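This report concerns only the one structure given below.
The values are calculated or read from the model by the stated rules, or taken from the named source; none is laboratory data. A quick note: this is a predicted structure, and the numbers were derived from the prediction, not measured. Positions of Cβ are generated from backbone atoms using ideal geometry, with glycine treated the same way; all protein chains shown enter the neighbour counts.
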Amino acid sequence: MATKKQVEDLKQRVSRRLLRVPGVSGVGIQRADGPDDYALVVHVEDDNPDTRAAVKKQAPGKAVRIVPSGKFKKL
């Protein structure tokens with residue numbers, strides 16, 4: 001995967017573009033498989049192939065996880 005710093009930099013570069021993709025609910029950072037491994041987590045409304053393809057185009061790489069989590073609601 002990637003270091004926390006690498007993922008933070010990736011998030012800063014791509015989060016605005018990702019949030020404009022239809023079906024994307026949110027973008028965050030999550031610890032991955034190892035103690036120093038992190039991933040960019042892209043929350044999507046559903047597991048739509050078009051949304052997945054758009055996310056992969058905007059944020060290519062192994063340090064990206066796409067998680068179907070439904071539509072987020074403002075609190």
Looking only at region 59-70, filter to residues that are in contact with a helix residue (DSSP H, G or I) (Cβ under 8 Å, 6 or more places away or on another chain) and assigned to a loop (DSSP other than H, G, I, E, B); which one of those is surrounded by the fewest Cβ atoms within 10 Å (Cβ to Cβ)? Gly61
Hits in region 1-38 (condition: in contact with a Lys or Arg (Cβ under 8 Å, 6 or more places away or on another chain), among the hydrophobic types (A, V, I, L, M, F, W, C) and modelled with pLDDT of 95 or more): Val27, Ile29
Would you confirm whether any residue within region 52-74 is in contact with a Phe, Trp or Tyr (Cβ under 8 Å, 6 or more places away or on another chain) and of a type in the set (Val, Ile, Thr)? no
Filtered residues of region 24-42 (kept if outside any strand (DSSP E or B) and either surrounded by fewer than 18 Cβ atoms within 10 Å (Cβ to Cβ) or not small (Gly, Ala, Ser) (or both)): Asp33, Gly34, Pro35, Asp36, Asp37
Matching residues, region 19-53, being closer than 18 Å to Lys4 by Cα and either in contact with a helix residue (DSSP H, G or I) (Cβ under 7 Å, 6 or more places away or on another chain) or among the aromatic types (Phe, Trp, Tyr) (or both): Val27, Ile29, Tyr38, Ala39, Leu40, Val42
Scan region 11-46 for residues that are β-branched (Val, Ile, Thr) and under 15 Å from Val67 (Cβ atoms) and jot them down. Val21, Val24, Val27, Ile29, Val41, Val42, Val44
Give the residues of region 43-58 that are at pLDDT below 95, surrounded by fewer than 13 Cβ atoms within 10 Å (Cβ to Cβ) and in a helix (DSSP H, G or I), sorted by residue number. Lys57
